[in-house]
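This report concerns only the one structure given below.
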Amino acid sequence: MVQLGLRENAAQFALLVAITAFVGAMVGLERSTLPLVGRDDFGLSSNVAVLSFIVAFGLSKAITNLAAGALVERVGRRRLLILGWLLALPVPLLIALAPSWAFIVAANVALGLNQGLTWSMAVVMKIDLVGPRRRGLALGLNEAAGYLGVAVAATASGLLAAEFAARDVLVVAGFVVALTALALSFFFARDTSRHVALEQAAHTPRHDGRPPALHDAFADATYRVPALRSCSQAGLANNLNDGVAWGVVPLFLAANGASVSAIGLVAGLYPAVWGIAQIGTGAWSDRAGRKPLIVGGMLLQAVALAVLAVSHGDVLVAAVAAVMLGAGTALVYPTLIAAISDHVTPIARAPTIGVYRFWRDMGYVAGGLIAGVAADLISFAGAIGVVAVLTGLSGLWVAVDLPASRSGAGR
């Protein structure tokens, strides 16, 4: 019998949480090492060139999010999840065989495809299972698992890279993560389309029981609906500063004399705080409402980046800034998807979240380009400062544009 609820679907929910941790680990392996590989192994001197892998990753993931949202009702959630893990298998192979930086960029195109499909499906399937009343908690647990996976992988790869070749660490760990998650998805994951149908039956159908056309969902989430557009731009700004934390911060610390293990610690601390705190912030948004957490989180991120920009690369100050950035992101990340879900019907959820995730992950593209150009023209600190200002302005946009509401349960 199909039922909605966290307790009623505990086994499948726990499995999807574990799979999300593997999704995070796949990208976390690159966090502390890949920018240094570009500089040291391939001799790249341009920061735009070094950060090109983030641009490729972000563009690939953003487009895949959009496609996944449009295809989910026709192809099925489970099938797209499995396809995403199949697309992860070339990533470590391309990194292992790379004779040039172009192969690393190609590997990150494949990684973007993997992340766009697997994380999108894991998010949507968890929302499907729990229904509206525990949505914030479900998303908090989802994002916590994913970014704890990022944190553990980033810290471990940084520590191992101090003893072994960074590329060898990425290759071996990448194969282990991808193959394990593929097996879990293929043998144990179950599709959640019947849960969607059950929840939709309780709603007045906005789209006559059919998901909206992609162009309608795109218009709604991009500019037409204030609640959706404010979340989309905030998601873009969030991943813009996450791209800077991924690509610029390791180079910034290394330029100021930090060791690879110290860089790995800072690179892991930020997503660790982000991941752990989301367990509470998602549930908190169910009670306090989405808007206060999003606005406060964006402004806290801006302050953290400003502190980092004036730190002169001091590892202790960078660690404090990483904690602040992680806390700010924890307030924002699960709450934005919950806010999106609050303002659409169940049948429209997957395509609308797909559009939101498209704009959110375009933040990696913007972050790689803006930070790379700013770092070349000004400095690493200047690039971080520019992104701090943009993040603060995004928080103010949400304060003006997002309607105040409590949660999907209270509507």
- Query: Among the listed residues R74, R39, which satisfies the condition of being buried (at least 16 other Cβ atoms within 10 Å of the Cβ), over 19 Å from the mean Cα position of the chain (by Cα) and farther than 22 Å from E143 by Cα?
  - Reply: R39
- Query: Among (1) under 23 Å from the mean Cα position of the chain (by Cα); (2) on the phi > 0 side of the Ramachandran plot, which single condition is G5 missing?
  - Reply: (1)
- Message: If I go through the stretch 5-33 residue by residue, how many of them are within 19 Å of L117 (Cβ to Cβ) and of a type outside the set (S, T, N, Q)?
- Response: 15
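Residues are listed down the side, and each one gets a yes or a no for (1) basic (K, R); (2) more than 22 Å from A348 (Cβ to Cβ); (3) surrounded by 21 or more Cβ atoms within 10 Å (Cβ to Cβ); (4) modelled with pLDDT under 80:
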site: V123; (1), (2), (3), (4): no, no, yes, no
site: R133; (1), (2), (3), (4): yes, no, no, yes
site: S157; (1), (2), (3), (4): no, yes, yes, no
site: A178; (1), (2), (3), (4): no, yes, yes, no
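Residue-by-condition table, conditions (1) among the aliphatic types (A, V, I, L, M); (2) modelled with pLDDT under 90; (3) touching a Cys at 6+ places or on another chain (Cβ under 8 Å):
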| site | (1), (2), (3) |
| --- | --- |
| D286 | no, yes, no |
| L300 | yes, no, no |
| V310 | yes, no, no |
| A322 | yes, no, no |
| Y333 | no, yes, no |
| Y364 | no, yes, no |
| I370 | yes, yes, no |
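Count, please, the residues in the stretch 96-132 that happen to be of a type outside the set (A, V, I, L, M, F, W, C) and closer than 30 Å to G5 by Cα.
Within the stretch 96-132, residues that are of a type outside the set (A, V, I, L, M, F, W, C) and closer than 30 Å to G5 by Cα number 9.
The values are calculated or read from the model by the stated rules, or taken from the named source; none is laboratory data. Small disclaimer: the values here were computed from a predicted structure and weren't measured. Note: ideal-geometry Cβ built from the backbone for every residue, glycine included; neighbour counts use all protein chains shown.
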